[in-house]
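Q: My structure is below; once you've seen it, I'll send some questions.
Nothing in this text is a laboratory measurement; each read-out follows from the coordinates by a stated rule. Only a predicted model underlies this, so the values are computations on that prediction, with no experimental measurement involved. Note that each Cβ is placed from the backbone with ideal geometry, even for glycine, and that neighbours are counted across all protein chains shown.
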Amino acid sequence: MDGVTSDGPTESDLSEPTESDPTEPEPPLGPDDDERADRIFRRFAHQWTLAREEREERRHEQPSFATGPSNLRRAEVPYGLDLAAGWAWRLLLIAGAGYLLMWLVGYFAVVTVPVAVALLISALAAPFVNLLTRIGVPRGLSALLVVILGFAVVGALLTFAGNQVADGAKDLADSAVQGLQEIRDWLRDGPLHASDSQINDWIKSAQDVITERSQDGEVVSQVTEVGSALGHVVAGFFIALFSTYFFLADGGRIWSWIVRLAPRVARERVDSSGRVAWVSLVQFVRATVVVALVDATGIAVGAAILDVPFVLAIGVLVFLGAFVPMIGATIAGSVAILVALVDQGPLTALLMLAVVIGVQQLEGHILQPFLLGRWVSVHPLGVILAIACGVLVAGVAGALVAVPLAAAANAVVLHLAELAGAEAEKAEPPVPEQETGGPEEAEAQPV
């Protein structure tokens, strides 16, 4: 139909595409194209705004896991449990350090015990060295003279006591044989009414036990142990001898060197603590010498009155044993009781026992409270525990040096506690006095 136009493409347009001229400029955008571009821009801006808001929401969103303050803080436990735990680990640390120290002392007992004995001898001999020094004798020569004379006196006493024992050993052996015969007669005629065959069987059993032990090599091992112990004693004697000389001759310089090993801040306290310990040690040794002399004299006089042999040997043994407080003189006095039993019979042994008990009562109730109690403040329980620790560490020698070392340690602890208390009092701020107001304030106060 003519005159009717169609908006779609015609058949000719489909069949023959037209080619555009590249040099022909593009037609300008119409109003519809501007509206479409504006609509696309607004949509893009809206999408960008939504994405931005989503990111902001995610940034401020709470996490899905629980959060809170750090848990690296003091455990919320009851106060009693916290206090007990604090004391427990500190006590364990102190016990471990003490055990390690005791183990080291015991391991090096061949050196530590002679040095401790040398300290005791030096505390006893220091006044004599100071006296010779004040007279004008050089200190090194004074120390040498005191050491030589001291060991000479002790050696003479031990030699004289040994000669007395050797001279009376034959008589004592005869008395022992006689005493054994009396015991055999008592077993036969006494309340047991044992026959001679039973007594002989008991004696034969004892002999068989001794024979078996000797065949097993125990005697040889014991002899070897005795020889090793004798070598340690000889080595310890020379260590104690030289240590005593150098303590008396160069004690001041040795102590100054020890103090310089400590930090500068602690040197003053270390020096004052060492001097307090030395004074306590000197007082202990002097008091112990007085107590030992009284014990030895009392028991020796009692043995002489009862006509017990080896009076001087018993006195020397009691004197040396009394340096172990509370038990040393008693153990040494038991030797006098055994000698009295073997030499003169049960009645004299009972009288000797009464003498030993009387001397111990004099020591425990008069000498110990007035001398050791005032000069060295150590409780009897502390004395017993110190002796037990000394015996475990180094045997008899450990018991000899345990109590004076405990006394010195106790004096040092008390001294440091007093210094700490004095410093705490100085550190406390002074209490300000109540300020009084002027006359205007006084008039304002109600009467």
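Q: Using label points projected 7 Å from each Cα along Cα→Cβ, tell me how many nm separate residue 153 and residue 46, to one decimal.
A: Placing both labels 7 Å beyond Cα along the Cβ direction yields 12.0 nm.
Q: Where the convex hull is taken over the Cα atoms of segment 263-327, what is its projected area averaged over directions, in nm²?
A: Average projection, Cα convex hull of segment 263-327: 5.5 nm².
Q: Which number do you get for Rg(Cα) / (2.2 N^0.38 Å) in segment 266-420?
A: That ratio works out to 1.20.
Q: Same structure, new question: So, by mean Cβ neighbours within 10 angstrom, what's the order for 268-281, 332-345, 123-136 with the highest one leading?
A: 332-345, 268-281, 123-136
Q: Rank by packing, highest mean first: peptides 291-301, 356-366, 308-318, 84-94, with packing defined as the count of other Cβ atoms within 10 Å averaged across residues.
A: Going by the mean number of other Cβ atoms within 10 Å, highest first, we get 308-318, 291-301, 356-366, 84-94.
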